Amino acid sequence: MQITTYRIGSKLNRSYRIALAADTHDKPVDRLLRELEALKPDLILIPGDIVFRRKKGMKTFTYDPDVPMLLRFPNGDRLVHEAPGIAPTFFSYGNHEWMLTPADEERIADAGVKLLDNAWTKFGEFVIGGLSSPDVTNYRTFQTEWREEHPDDTRGNLRDEYWNWETDALRRTVDAEWLDEFETQEGYKLLMCHQPEYWAIREPRLMGHPIDLVVAGHAHGGQIRLAGRGLFSPGQGILPKYTSGVHHGEYGEMVISRGLANHVPVPRLFNPGELVVLELG
């Protein structure tokens with residue numbers, strides 16, 4: 001694990017240290033928790049992907065809104081339960097959280113984590129929002145439509161049908177309507193957005209919105225990095241532009257974490273897992 005620190009200027013009344021822990025994918029979190037304790041951050045932000053959507057056995061799971069899926073992901077569940085003991089923790093959904101249920105929302109809240117699912121909240125000088133991945137919001141729409149059209153289909157898991165539905169309909173748009181209200185709030189606006197392509201490549205193109213800081217993950221640093229640049233990222237393709245570091249927009253910045261784990265057969269080369277520390281002042 002590499003710890004990367006970025007210093008971001010702001011008009012906040014004091015300095016803050018924020019830990020950005022992205023893309024743990026249910027991998028062991030022992031060292032991450034030790035590092036978080038040592039850093040003593042004022043806030044912990046988790047912008048998605050604490051679980052792994054293609055985990056062995058997932059094709060046969062039973063989707064039950066009353067059963068937390070997090071029980072299948074002990075490391076992701078541990079992070080949710082132990083991070084709030086270190087610092088106030090905020091979490092937004094990444095694309096791998098598509099299968100989480102209403103029972104998971106309760107479990108996350110009971111652990112002391114503030115889940116921001118296309119929503120915002122005020123915390124001291126901050127207005128913190130979470131823009132959920134389209135995989136999450138689209139799966140909900142799909143579930144509703146499928147059940148209405150196939151009332152006799154009793155299967156809990158409809159994952160394969162969902163991928164076909166999503167691909168055919170090209171449904172890759174985030175639910176951004178709530179951003180209008182978020183952006184008018186007084187305070188330092190900080191938005192968790194798992195997928196960095198929504199900064200400049202896809203709507204809502206956040207770089208043009210009055211948001212002070214966007215934090216993202218998802219790209220895994222481009223998986224293989226050569227000469228400081230990643231080779232591939234979902235949503236951006238070959239030689240992606242947005243895989244790590246600080247990017248400047250019209251109103252504020254986006255910081256991208258290279259993420260803390262891997263979930264594909266292709267290894268991460270010249271690209272260690274990364275815990276990002278933001279020093280705001």
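The values are calculated or read from the model by the stated rules, or taken from the named source; none is laboratory data. Just so it is clear, the model here is predicted, and its values are computed rather than measured. Note: ideal-geometry Cβ built from the backbone for every residue, glycine included; neighbour counts use all protein chains shown.
Observations
- Selection count, region 257-270, where residues are of a type in the set (A, V, I, L, M), over 20 Å from ARG17 (Cβ atoms) and at pLDDT 95 or above: 2
- Residues that are over 23 Å from GLY221 (Cα atoms) and in a loop (DSSP other than H, G, I, E, B) within region 7-43 comprise GLY9, SER10, LYS11, LEU12, ASN13, ARG14, SER15, LYS40, PRO41, ASP42, listed in sequence order.
- Enumeration of residues in region 256-266 that are surrounded by fewer than 22 Cβ atoms within 10 Å (Cβ to Cβ) and in contact with a strand residue (DSSP E or B) (Cβ under 8 Å, 6 or more places away or on another chain): VAL266
- Members of region 186-206 that are crowded, with 19+ Cβ neighbours inside 10 Å and over 18 Å from LEU278 (Cα atoms): GLN195, GLU197, TYR198, TRP199, LEU206
- Single residue of GLY124, GLY130 found to be more than 12 Å from VAL51 (Cβ to Cβ), of a type in the set (Gly, Ala, Ser) and more than 18 Å from the chain's Cα centre (by Cα): GLY124
- Matching option when the condition is in contact (Cβ under 8 Å) with a residue 24 or more places away in the chain and closer than 16 Å to ALA19 by Cα, among GLY221, GLY273: GLY273
- Residue among HIS209, HIS220 that is surrounded by 16 or more Cβ atoms within 10 Å (Cβ to Cβ) and in contact with a Gly (Cβ under 7 Å, 6 or more places away or on another chain): HIS220
- ILE44, sole failed condition from (1) under 24 Å from SER132 (Cβ atoms); (2) modelled with pLDDT under 95: (2)
Listed here are the residues, each with its yes/no results for (1) in contact with a Pro (Cβ under 8 Å, 6 or more places away or on another chain); (2) within 28 Å of TRP178 (Cβ to Cβ).
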position	(1), (2)
ALA216	yes, yes
GLY222	yes, no
LEU226	no, no
GLY237	no, no
PRO240	no, yes
SER244	no, yes
GLU250	no, yes
ILE256	yes, yes
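- Residues of region 262-276 that are over 21 Å from LEU43 (Cα atoms) and not polar (S, T, N, Q): HIS263, VAL264, PRO265, VAL266, PRO267, ARG268, LEU269, PHE270, PRO272.
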